[in-house]
Ligand code: GDP
């Protein structure tokens with residue numbers, strides 16, 4: 001999948017400052033340090049589009065990027081602030097939650113959430129909470145939001161264990177009312193493994 005162009009659109013620290021919805025969006029969520037910035041950069045083949053942070057959790061806003069494929073299809077890639085950063089105060093955590101939840105619940109163009117999970121760690125409580133939240137907000141959403149699981153850093157898992165790690169991840173996710181999660185996609189921003197599968201999934205969910 002050739003991406004011919006990608007660019008930063010806007011960063012929003014509050015719901016009010018989000019840019020107006022224009023085209024289908026896929027949002028990337030996950031714990032800080034899961035490899036989210038690296039994954040988005042790998043997807044669009046631009047090393048520096050999303051700044052990878054050495055200070056995990058330092059990004060506290062929703063960042064939107066636009067990617068255009070060779071065939072003209074346009075997507076918004078939405079980088080949600082990472083969670084599970086314990087050094088945050090209660091009020092910061094509450095602000096984070098209301099920003100993400102407000103976005104997930106109210107964004108009319110949101111087609112899918114890609115939940116990134118470290119292939120070596122599996123689903124953690126924060127991830128399960130996000131899954132439950134998306135499930136709970138289905139009724140009020142104007143269109144159903146798909147949820148895709150992505151296992152990051154699969155290059156760190158022994159080849160022979162990748163399949164088992166993906167099986168475990170897929171099985172650990174609670175079943176969704178809308179027919180259940182599909183199988184987790186393995187991804188590595190070092191080897192590029194999974195890039196094509198991820199684009200196929202993104203194309204599928206944004207064409208619904
Ligand atoms: P973010 O906080 O979720 O945006 O994570 P980053 O993309 O900044 O990555 C966090 C750390 O994991 C960095 O040190 C990256 O170099 C490393 N990393 C990211 N993706 C991969 C990957 O696919 N494989 C390996 N081995 N390391 C990765």
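The values are calculated or read from the model by the stated rules, or taken from the named source; none is laboratory data. Predicted model only: the values in this text are computed from it and were never measured. Note that each Cβ is placed from the backbone with ideal geometry, even for glycine, and that neighbours are counted across all protein chains shown.
Among the criteria (1) under 14 Å from residue 194 (Cβ atoms); (2) outside any helix (DSSP H, G or I), the one residue 111 does not fulfil is (1). If you check residue 127 against the conditions, is it within 23 Å of residue 183 (Cβ to Cβ) and either in contact with a strand residue (DSSP E or B) (Cβ under 8 Å, 6 or more places away or on another chain) or modelled with pLDDT of 80 or more (or both)? Spelling it out, residue 127 is indeed within 23 Å of residue 183 (Cβ to Cβ) and either in contact with a strand residue (DSSP E or B) (Cβ under 8 Å, 6 or more places away or on another chain) or modelled with pLDDT of 80 or more (or both). Would you say residue 72 is in contact (Cβ under 8 Å) with a residue 60 or more places away in the chain, at positive phi and either part of a loop (DSSP other than H, G, I, E, B) or touching a strand residue (DSSP E or B) at 6+ places or on another chain (Cβ under 7 Å) (or both)? No: the conditions fail for residue 72.
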